[in-house]
Amino acid sequence: MSERPNDSAPRPESQKPVSMKIVSLSVGLPRTVRYRDLEVTTSIFKTPVQGPLLLRRLNLDGDYQSDLENHGGRNKAVYAYPSKHYEFWRRELPGMDLQWSMFGENLTIEGLTEENACIGDQFRIDEAVVKVTQPRIPCYKLSVRFGRDDIVKRFLASGCSGIYFSVVEEGLVNTGDTIERIHQDANGISVAEINRAYVHGRDNISLLRRIVSAELLPRGMHDHFVEQLAVFER
């Protein structure tokens, strides 16, 4: 596997200001596809579209989730993926046509990454305000999208998870809109740190304790870390 993006990037408070914006808007409707001799309904096949679009509490206009038990909801209203990760994946998967929205993201973004987005941070995008809630933990539907069984494992190992947001204030968003940080959570726990704790929790006990103590994550992911910490501290 190629060298992954640098996990040891400076903490957000030590970084110089960077330009952050939306590169592409993408939406998708549920479709049924064939996977391993099964009929699978998924909304991971998204297409870049022209905006502006209304970002609502539960989704972006024109975008609908197929599996509301594991996708969507207030804590996963919109999924963003850093455009710079596409360079990494083009090296990882040579010959594969990787266009914006390939990872099922609603927003392909520039400047904001897992390293400089912290759980609880809030951002204004034109009329809308969003809050960072968690990284994406992939399911088998990523394999459906890519047509390869190894992509889930590679995605987790890469640290290139993308970022889930809840919607604090609804509003129109569009390609080219600036992403402005308007609130930085005092705990300073980055999405990259959540990824590291999820994949390498046994080697990051102090980080696990910090994440659990902060109680910032949605209940399902928080409970996962509580259980992992209990196991690793035995």
Per the filter on the stretch 47-61, residues at pLDDT below 95 and within 21 Å of Thr32 (Cα to Cα) are Asn59
Report yes if Gln99 is surrounded by fewer than 19 Cβ atoms within 10 Å (Cβ to Cβ), over 14 Å from the mean Cα position of the chain (by Cα), within 26 Å of Ile189 (Cα to Cα) and among the polar types (S, T, N, Q), otherwise no.
no
Residue check, Ser83 among the hydroxyl-bearing types (Ser, Thr, Tyr), modelled with pLDDT of 95 or more and surrounded by 12 or more Cβ atoms within 10 Å (Cβ to Cβ):
yes
With criteria (1) modelled with pLDDT under 95; (2) more than 23 Å from Arg154 (Cβ to Cβ); (3) in contact with a strand residue (DSSP E or B) (Cβ under 8 Å, 6 or more places away or on another chain), Lys16 comes up short on (3)
For the stretch 74-118, which positions are farther than 21 Å from Val132 by Cα and of a type in the set (Lys, Arg)?
Arg90, Arg91
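Look through the stretch 133-150, keep the residues that are among the aliphatic types (A, V, I, L, M) and touching a Ser or Thr at 6+ places or on another chain (Cβ under 9 Å), and return whichever of them is nearest to Arg196 (Cα to Cα). Break it down into steps so the answer makes sense when it comes.
Narrowing the stretch 133-150 to residues among the aliphatic types (A, V, I, L, M): 137, 142, 144.
After this cut, where a residue has to be touching a Ser or Thr at 6+ places or on another chain (Cβ under 9 Å) as well, the list is 137, 144.
Working: Ile137: 12, Val144: 25 Å.
Once the filter is applied, the top-ranked residue is Ile137.
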Scan the stretch 145-166 and tell me whether some residue there is in contact (Cβ under 8 Å) with a residue 40 or more places away in the chain, surrounded by 14 or more Cβ atoms within 10 Å (Cβ to Cβ), over 23 Å from Ser66 (Cα atoms) and of a type in the set (Val, Ile, Thr).
no
Do we find that Arg74 is within 21 Å of Ser190 (Cα to Cα) and surrounded by fewer than 17 Cβ atoms within 10 Å (Cβ to Cβ) in this structure?
yes
Could you give me the residue pairs with C-beta distances under 8 Å whose first residue belongs to the stretch 198-212 and is within 12 Å of Phe225 (Cβ to Cβ), whose second residue is assigned to a helix (DSSP H, G or I) and of a type in the set (D, E, K, R) wherever it lies, and which are 6+ apart or on separate chains?
Asn204/Arg196; Leu207/Glu193; Leu207/Arg196; Ile211/Glu193
Residue under evaluation Arg91, criteria (1) in contact with a helix residue (DSSP H, G or I) (Cβ under 6 Å, 6 or more places away or on another chain); (2) surrounded by fewer than 21 Cβ atoms within 10 Å (Cβ to Cβ), criterion not met:
(1)
The number of residues in the stretch 126-143 that are under 14 Å from Leu156 (Cα atoms) and among the small types (Gly, Ala, Ser) is 1
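The values are calculated or read from the model by the stated rules, or taken from the named source; none is laboratory data. What you see is a predicted model, and the numbers here were worked out from it, not measured in a lab. All Cβ positions, glycine included, derive from the backbone under ideal geometry; neighbour counts span all protein chains shown.
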